[in-house]
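Trainee: Supplied in structure tokens, the structure appears directly below.
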Amino acid sequence: MNELKKGWKMESKLQSLSWQRVFLLVLHYFLGYGFLYRQIGVFLTLANNPYAIMILPSIQLCIYLFTLAITIWLAYPLLKKGFIYFKAHLRYNLLLVLVLICATYFANLILSILIGILTGMETTQNQQAIEASSRFIPLLTLFSTCFFAPIVEECVFRGGVFTKLRSKTSFLLASLISSLLFGNIHFINAFFTLDFSDLPFLLVYSGIGMVLAYGYEKSNTIFVPILLHFLNNLIAVLAMLL
């Protein structure tokens, strides 16, 4: 614990990517993965089966792998430096992850209960979709939530958006903006269906985003928020599967 307190007092400039790489990361994620690749997936699925109601798992896996590959390529300088720094301060980083994952779990639990009491909602449409997919395609769901999402989303929102905002403004503002963007991606379907009943849960997802940004700020390595994101999602998926 003394090492953790000592680490929190360290001031260091965040490792960052060039503006060009950040722009391409954001474009690739929102325009590519968020729209274009899915439209291609829908087209290929319907060409195979005109009555299909969801993208074929094999096609969805290809979308995940392609998106992941491009993200790693664009964020490679950040990932390379981050891995070296993570290993160099391994004990401190692991202790930081342990403290933050415990804080995240209890904060999420309290916020979810509070929102449930105030709104009568127990879960979000996004969570319901994950639960449904975990029953039909458990391995693909495990891959997307525990491997794909932590790497891709942390590279985009913490390694990209947060870091660039942080270079120009305070931690609070940078983490707030990047966390709201991060939270909104979990409600992307609401913008198409105009059903915003899940909106109160934006507080939960954005809160997670701020914890992830804090972990990155204090560790100076993208692998701390990646590991935090992985553990947070793993706990949620195991709770559904078991």
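The values are calculated or read from the model by the stated rules, or taken from the named source; none is laboratory data. Just so you know, these numbers come straight off a predicted model, no measurement behind them. Cβ: placed from backbone, ideal geometry, glycine included. Neighbour counts: every protein chain shown. With ligands, DNA and RNA removed, areas are computed over all heavy atoms of the protein, side chains included. Shrake-Rupley method; radii C 1.70, N 1.55, O 1.52, S 1.80 Å.
Trainee: In a helix (DSSP H, G or I) and either surrounded by fewer than 15 Cβ atoms within 10 Å (Cβ to Cβ) or touching a strand residue (DSSP E or B) at 6+ places or on another chain (Cβ under 6 Å) (or both) - does that describe any residue in segment 25-32? Reasoning before the result, please.
Mentor: Within segment 25-32, the first condition is being in a helix (DSSP H, G or I), and the residues that meet it are 25-32.
Add one more test, that the residue is either surrounded by fewer than 15 Cβ atoms within 10 Å (Cβ to Cβ) or touching a strand residue (DSSP E or B) at 6+ places or on another chain (Cβ under 6 Å) (or both), and what stays is 27, 31.
The answer is yes; a qualifying residue exists.
Here is a yes/no grid of residues against (1) modelled with pLDDT under 95; (2) more than 22 Å from the chain's Cα centre (by Cα); (3) at positive phi; (4) buried (at least 18 other Cβ atoms within 10 Å of the Cβ):
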{"site": "36", "(1), (2), (3), (4)": "no, no, no, no"}
{"site": "63", "(1), (2), (3), (4)": "no, no, no, yes"}
{"site": "76", "(1), (2), (3), (4)": "no, no, no, no"}
{"site": "86", "(1), (2), (3), (4)": "no, no, no, yes"}
{"site": "93", "(1), (2), (3), (4)": "no, no, no, yes"}
{"site": "98", "(1), (2), (3), (4)": "no, no, no, no"}
{"site": "104", "(1), (2), (3), (4)": "yes, no, no, yes"}
{"site": "120", "(1), (2), (3), (4)": "yes, yes, yes, no"}
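Trainee: I'd like the full set of residues that are open to solvent by 80 Å² or more (accessible area, probe 1.4 Å) and among the hydrophobic types (A, V, I, L, M, F, W, C), limited to segment 45-59. Spell out the reasoning first.
Mentor: Of all residues in segment 45-59, those open to solvent by 80 Å² or more (accessible area, probe 1.4 Å) come to 48, 50-51, 53-54.
Listed by number, the residues that qualify are 53, 54.
Trainee: A follow-up question, please. From 87, 81, grab the single residue that is without any contact (Cβ under 8 Å) to a residue 24 or more places away in the chain and among the charged types (D, E, K, R).
Mentor: Only one candidate passes the filter, namely 87.
Trainee: Taking into account only those residues within segment 149-188 that are more than 11 Å from the chain's Cα centre (by Cα) and basic (Lys, Arg), which is farthest from residue 205 (Cα to Cα)?
Mentor: Checking each candidate, the answer is 168.
Trainee: For segment 38-61, how many residues meet the condition of being within 20 Å of the chain's Cα centre (by Cα) and either modelled with pLDDT under 95 or of a type in the set (D, E, K, R) (or both)?
Mentor: Going through segment 38-61 one residue at a time, the tally reaches 1.
Trainee: Still on this structure, please answer the following. Which residues, counting only those in segment 135-160, are farther than 12 Å from residue 67 by Cβ and crowded, with 24+ Cβ neighbours inside 10 Å?
Mentor: 154, 157, 158, 159, 160
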